[in-house]
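Could you have a look at this structure, given as structure tokens, before my questions?
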Amino acid sequence: MRGLIEEDYTTQEGEFVINIGPQHPSTHGVLHLKVWLNGETIIKVQPHLGYIHRSIEKMSESLSYRNFIFATSRMDYLAAHINNEACALAVEKGLQIEAPPRARVVRTILAELTRLSSHQLWWASTGLDLGAVTPFFYAFREREAILDIMDETCGARLTQNFLVPGGLMADIHPNFQKRTKEVLKQIKENFKEYDELLTENVIFQNRTKNVGILNKQDALSFGVTGPTARASGLSCDIRKWAPYSAYSMVEFDEILDEGCDSYSRYMVRMKEMRQSVNIIEQLIDNIPEGDFQEKTKNVIKLPKGDFYQRVETPRGELGVYIVSDGASSPYRIKYRSPNFSNLSVLPELAKGCKIGDLVAIMSTIDLVIPDIDR
Amino acid sequence: MDISVIIFYIISVVITGGALLAVTSKQIFRAAVYLIFSLLGVASMYFYLENNFIAAVQIVVYVGGIVVLIIFSIFLTQNSGHRLKKPDGKRVFFSALSVLSALLLTLNVIGNYNFKSNSNNTIEPEIKNIGMQMLSTTQYGYLLPFEVVSFLLLAAMIGCIVIALKRN
Amino acid sequence: MNRIFLYSFTEMALYIHKLLENAITNTVLLQITELAIIGVTLLISLVILCFFLGWMERRVAAFMEIRLGPNRVGPQGTLQIVADTVKLLFKEGLTPNKSDKFLFNLAPFIVVTASMLAIAPLAFAKNFSIYDINIGVLYVSSVSSLSVLGILMAGWSSYNKYSLLGAMRSGAQIVSYELSVGLSLIAIVVLSGNVSLGEIINSQQNGWWIFKGHIPAIIAFVIFIIASTAEINRAPFDLAEADQELTGGYNTEYSGMKFAMFLLAEYINLFIVSAMAATLFLGGWMPFHIGDWESFNKIMDYIPSSIWFMGKTFIIIFIIMWFRWTFPRLRIDQLLNLEWKYLLPISMVNIIIVTLIAIMGWHF
Amino acid sequence: MTNEELKTHLLSLIPQATFVETGEFLEIFIHSENILPLMKNLKDDEKTQFDYLFCLTCIDRISSFEVVYHLLSKNYKHILVVKSTISNIENPQTETVSHIWKTAEFHEREVYDLFGVKFINHPDLRRIFLEDDWKGFPLRKNYSDPNMIEL
């Protein structure tokens, strides 16, 4: 058994160990945390990973450059499109081509829709983790509408697989613009409900404020990215640092918060949703006409060398590192997944907290386990 | 046989059975649970005697309060699930001796007490009367014991707080 | 006895009593039969009540969560809960291997029995209660403190750390919140000068205590609702179960009918708490009366007393359900802080004010 | 600093290092023995300030292992890729950098798990994904498993 050797459970007087996970309502997947407790207070947390390791990196070594993209949809399944985008961009970097403007704009819109739906799921599950069941259904109302748009255009709701190196797999659905605008209108109206239901709730604020303080130095040192790091005042938005796709065409703010606690992580995501709406609004009426795909060879071969592409997923910085030896499939692929680094800071944050706080911290870090295990 | 007699015997069995099991049980948590049954039996005996107030107080104080505290301290000590060791002979002997002398004393008192049947004029233990008695300063008033007990409890509470503060 | 109300429970009870008296001559047998009838009727009506509360909770939850809730099994989904019960009946009641099997199996019964005991002095309608004990308020609060023992037992005997943690939490929680519940009950006892539930209801002939007792009575009512929600382990104070933290707390290891017993106890407790609030603060079965407005009071009297009682109780039940489906859960230290730093001091001060009001006769 | 300035600065630190500039980022090749002083310098030096290790991985070059560090400076916004070569393929070892960047702790565990590269002085070097008794290191090129399906 992994790491469950007898001496691992040694405890001091008055301490005991509980296993949170691999099946536990608040771990959102098969994450296994071994928690040393003194009463309700956490002394130490040790994550155990790998319960759903599917070796996507090894698999990709024998897949072609067209096919390996689709394996990544299963990594961070809440941001499948953005994972695909990272891979497509990395291959395009190797081929030294650029997707046509139409493809780039559509990619960005889809990416932001993905971000919205991902953040909505996060909001839903945060409420659920803290014991409020109702937010779940309110968030899923909008998420469903977004997934319906995905369904119409990409043909799939969760694992879109809509991208190929060089552009999009197909053109957008005729209804795409109309329905997106409808959804945006709906979302903007319902932000009020989100705030009334959870953000302004006194119990919620007490549960999250001053809980799980992550200072800026630690965030940087642990490689924490995404909203989790931005809530500690660490600027790390790849959309600003190294703009890709159509992000250089739009104006938006990088949300930073100096609160460092769970509540500011929450607020950063809430504000980010509004920014995403803002980005989509700027692009949705300006989708350029033209090709949606750059012509590529049937069998793509990348030149010898390394190609690294960073993108901003809803959970942080995703890096795709392709090492090519000139063949038709990558020599080595590395996914620098945001959740892997974000998880590494969890033991640090949870020290001295209560069990209830651990749940609050986990949900505001927003872990997606398949992305950790890959 | 009247139904009240049946009820009386049922309650008696619960009290004595609970008490016996509580002292003979090998597991400390189970002993506490049997103690609950015994105390509840006493409470129902009070109900049976129509001393409702005393019965309710018995439940609130002993079952709801003291036994819960006992169970809590059992939880907090380690090895609460383990079986207790058999006590050594000397201890058994002296325990038996003390129990026996207590039994003899009780029997003696009961035997010498002249029970009067006063079923004709039952006293209604009104809460008002109890309250008045509790706070009266007359000859049979309980104000002094009442105050002494509350002072003792206050001291115990302060002591608890001091101990709890020291640990941090 | 007012003959207008054909559905008076008292009439029914008397009728059955007379019927039995004629049939059975032996007094012992008669008493046993009547006890058995009361017991069985109580059990059946409690189970039906819990079915209804279960259905109501689902529909209320669905209403809050913009969805439909059960609406297929039976009219408006009313039979859904029956179907669930049948499912639970047929499920295997697992007992963990290393658990203390005797206590593990005993615990659900203790919890259910404790909550069922508390129903005895409640007056469901005019002159209708199982046993109008002369210390009703004290009795209810003492008997309801027994359920914590069942929970502690369940948590300890499961041989599961989650269960143990849940039991510890619930123990700390119930013991603390009992104080506030008790103090807010005492507020009404002081105002009415009575401990018997029947007498307290009668004292509300010319107005309910929540109106007669000025602001202190309202404060006591609010504290009672908050503290008793905590005492019956319902969200946002459901730390003992806390699915997201302890995967179910003290009832993690329970399944089948034994689990259903905990559910049953939860709903009975919910009902008792609401009924107590309705009885003490809102006049129980007493219709809405205003001072000496004779004609208005007469009109109000035409609504049957059982409907008054149930109406008030279910309004409070709805409020407590409303809490559950909108609030996040508190943390354990916040929970205890709320009690010891806010509710308890407030109710202590409140009780002094109430006593002053009662002595000076300032209440109506 | 631009890539050129960075290059001259680094050459003053380690004269024997080689550079590749064809890719997107500047890459520096060094031997694994020199890794620790260089990394410490890169992090602490006022001029470089590489305070963010955003990727750490390994490549099996069959004749050697290559540990790749992607470094970024939040202050100067320059990026450097450090590639350290481990020539001992029988028992690959290198110094840990987990005390310089804490994120390296998990990433090095991953590399150890999948490549078998040992990190000396690592605080908690255990397998991270695979079971403790797993045979072999899956991401090595010579890894084979009877249950593996050729695609």
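The values are calculated or read from the model by the stated rules, or taken from the named source; none is laboratory data. Every value quoted in this text rests on a predicted model; they were computed, and no experiment measured them. Note that each Cβ is placed from the backbone with ideal geometry, even for glycine, and that neighbours are counted across all protein chains shown.
For the stretch A:223-248, name all the residues that are more than 14 Å from chain D (Cβ to nearest Cβ), of a type in the set (Gly, Ala, Ser) and within 30 Å of A:Glu98 (Cα to Cα).
A:Ser245, A:Ala246, A:Ser248
Answer yes if at least one residue in the stretch D:31-45 is away from every other protein chain (no Cβ under 11 Å), of a type in the set (Ser, Thr, Tyr) and under 13 Å from the mean Cα position of the chain (by Cα), and no otherwise.
So far as the stretch D:31-45 goes, yes, one or more of its residues are away from every other protein chain (no Cβ under 11 Å), of a type in the set (Ser, Thr, Tyr) and under 13 Å from the mean Cα position of the chain (by Cα).
Hey, A:Ala132 hits all of (1) within 21 Å of A:Ile82 (Cα to Cα); (2) crowded, with 17+ Cβ neighbours inside 10 Å but one; which does it fall short on?
Here A:Ala132 clears every test but (1).
Could you check, for the stretch A:118-132, whether at least one of its residues is within 29 Å of A:Leu302 (Cα to Cα) and in contact (Cβ under 8 Å) with a residue 40 or more places away in the chain?
Checked against the condition, which is being within 29 Å of A:Leu302 (Cα to Cα) and in contact (Cβ under 8 Å) with a residue 40 or more places away in the chain, the stretch A:118-132 yields no hits at all.
For the stretch D:4-30, how many residues meet the condition of being within 16 Å of the chain's Cα centre (by Cα), away from chain A (no Cβ under 14 Å) and either among the hydrophobic types (A, V, I, L, M, F, W, C) or surrounded by 14 or more Cβ atoms within 10 Å (Cβ to Cβ) (or both)?
2
Now for a different question. Condition (residue is modelled with pLDDT of 85 or more, in a helix (DSSP H, G or I) and either in contact with a helix residue (DSSP H, G or I) (Cβ under 8 Å, 6 or more places away or on another chain) or in the same structural domain as C:Ile315 (by TED's automatic domain parsing) (or both)) applied to the stretch C:231-242: is it met by at least one residue?
So far as the stretch C:231-242 goes, yes, one or more of its residues are modelled with pLDDT of 85 or more, in a helix (DSSP H, G or I) and either in contact with a helix residue (DSSP H, G or I) (Cβ under 8 Å, 6 or more places away or on another chain) or in the same structural domain as C:Ile315 (by TED's automatic domain parsing) (or both).
While we're on this one: Can you report the number of residues in the stretch C:277-309 which are assigned to a helix (DSSP H, G or I) and in contact (Cβ under 8 Å) with a residue 24 or more places away in the chain?
Here the count works out to 10.
Among A:Val35, A:Val30, which is outside any loop (DSSP other than H, G, I, E, B), in contact (Cβ under 8 Å) with a residue 60 or more places away in the chain and aliphatic (A, V, I, L, M)?
That would be A:Val35, the only listed residue that is outside any loop (DSSP other than H, G, I, E, B), in contact (Cβ under 8 Å) with a residue 60 or more places away in the chain and aliphatic (A, V, I, L, M).
Taking the stretch D:102-132 as the search range and keeping residues that are among the basic types (Lys, Arg) and within 19 Å of A:Ser341 (Cβ to Cβ), which one is nearest to the other protein chains (Cβ to nearest Cβ)?
Checking each candidate, the answer is D:Lys102.
Do we have any residue at all in the stretch C:68-90 that's closer than 30 Å to B:Ala22 by Cα, in contact (Cβ under 8 Å) with a residue 24 or more places away in the chain and either within 14 Å of chain A (Cβ to nearest Cβ) or under 28 Å from the mean Cα position of the chain (by Cα) (or both)?
no
So how many residues does the stretch B:39-59 have that are at the interface with chain C (Cβ under 8 Å from one of its Cβ atoms), surrounded by fewer than 21 Cβ atoms within 10 Å (Cβ to Cβ) and either under 19 Å from B:Ala19 (Cα atoms) or small (Gly, Ala, Ser) (or both)?
So the count comes out to 0.
Against the definition (in contact (Cβ under 8 Å) with a residue 40 or more places away in the chain, touching a strand residue (DSSP E or B) at 6+ places or on another chain (Cβ under 6 Å), away from chain B (no Cβ under 12 Å) and on the phi < 0 side of the Ramachandran plot), how does C:Ser228 come out, yes or no?
no
Please go through the stretch C:93-104 and give me each residue that is in contact with a helix residue (DSSP H, G or I) (Cβ under 6 Å, 6 or more places away or on another chain) and exposed (fewer than 10 other Cβ atoms within 10 Å of the Cβ), ordered by number.
none
Given the criterion in a helix (DSSP H, G or I), within 10 Å of another protein chain (Cβ to nearest Cβ), over 25 Å from A:Ser337 (Cα atoms) and hydrophobic (A, V, I, L, M, F, W, C), identify the matching residue among A:Leu198, A:Leu184, A:Leu220.
None of the other options fit; the residue is A:Leu198.
So which residues in the stretch A:25-43 are under 26 Å from the mean Cα position of the chain (by Cα) and of a type outside the set (Val, Ile, Thr), if there are any at all?
Of everything in the stretch A:25-43, those that are under 26 Å from the mean Cα position of the chain (by Cα) and of a type outside the set (Val, Ile, Thr) turn out to be A:Pro25, A:Ser26, A:His28, A:Gly29, A:Leu31, A:His32, A:Leu33, A:Lys34.
Scan C:Trp285, C:Trp322 and give me the residue that is buried (at least 17 other Cβ atoms within 10 Å of the Cβ) and aromatic (Phe, Trp, Tyr).
Exactly one residue qualifies, and that residue is C:Trp285.
Within the stretch B:1-38, which residues are more than 11 Å from chain C (Cβ to nearest Cβ) and of a type in the set (Lys, Arg)?
B:Lys26
State whether the residues of the stretch A:92-105 include one that is assigned to a helix (DSSP H, G or I), under 30 Å from A:Tyr266 (Cα atoms) and of a type outside the set (Phe, Trp, Tyr).
Among the residues of the stretch A:92-105, at least one is assigned to a helix (DSSP H, G or I), under 30 Å from A:Tyr266 (Cα atoms) and of a type outside the set (Phe, Trp, Tyr), which makes the answer yes.
Just checking: which of the helices (runs of 4 or more DSSP H) contained wholly in the stretch A:315-374 hold 3 or more residues that are surrounded by 24 or more Cβ atoms within 10 Å (Cβ to Cβ) and away from chain C (no Cβ under 14 Å)?
So the answer is A:338-344.
Could you tell me which of the residues A:Gln205, A:Gln160 is touching a Cys at 6+ places or on another chain (Cβ under 6 Å), of a type in the set (S, T, N, Q) and touching a residue at least 12 places away in the same chain (Cβ under 8 Å)?
Residue meeting the stated conditions: A:Gln160.
Can you find, within the stretch A:205-216, the residue that is nearest to the other protein chains (Cβ to nearest Cβ) among those that are touching a Ser or Thr at 6+ places or on another chain (Cβ under 9 Å) and in a helix (DSSP H, G or I)?
By that ranking, first place goes to A:Arg207.
How many of the residues making up the stretch A:42-83 are among the basic types (Lys, Arg), in contact (Cβ under 8 Å) with a residue 24 or more places away in the chain and within 14 Å of chain D (Cβ to nearest Cβ)?
Final tally of qualifying residues: 3.
Checking D:Asn91 against (1) surrounded by fewer than 18 Cβ atoms within 10 Å (Cβ to Cβ); (2) under 20 Å from A:Gly316 (Cβ atoms); (3) more than 9 Å from chain A (Cβ to nearest Cβ), only one condition comes out false. Which one?
(2)
Working only within the stretch A:274-312, note down all residues that are closer than 29 Å to A:Leu367 by Cα and more than 14 Å from chain D (Cβ to nearest Cβ).
Those that are closer than 29 Å to A:Leu367 by Cα and more than 14 Å from chain D (Cβ to nearest Cβ): A:Arg274, A:Gln275, A:Ser276, A:Val277, A:Asn278, A:Ile279, A:Ile280, A:Glu281.
Taking the stretch A:300-314, which residues are of a type in the set (Lys, Arg) and part of a strand (DSSP E or B)?
The answer is A:Arg310, and nothing else.
Is it the case that D:Ser12 is of a type in the set (Gly, Ala, Ser) and closer than 14 Å to D:Ser84 by Cβ?
No.
Is it the case, given these coordinates, that C:Phe224 is assigned to a helix (DSSP H, G or I), within 20 Å of the chain's Cα centre (by Cα), of a type in the set (Phe, Trp, Tyr) and within 30 Å of C:Phe288 (Cβ to Cβ)?
Yes.
State which residue is surrounded by the fewest Cβ atoms within 10 Å (Cβ to Cβ) when the search covers only the stretch C:151-197 and only residues that are touching a Gly at 6+ places or on another chain (Cβ under 7 Å), more than 17 Å from B:Ile70 (Cβ to Cβ) and more than 13 Å from chain A (Cβ to nearest Cβ).
This residue is C:Ser196.
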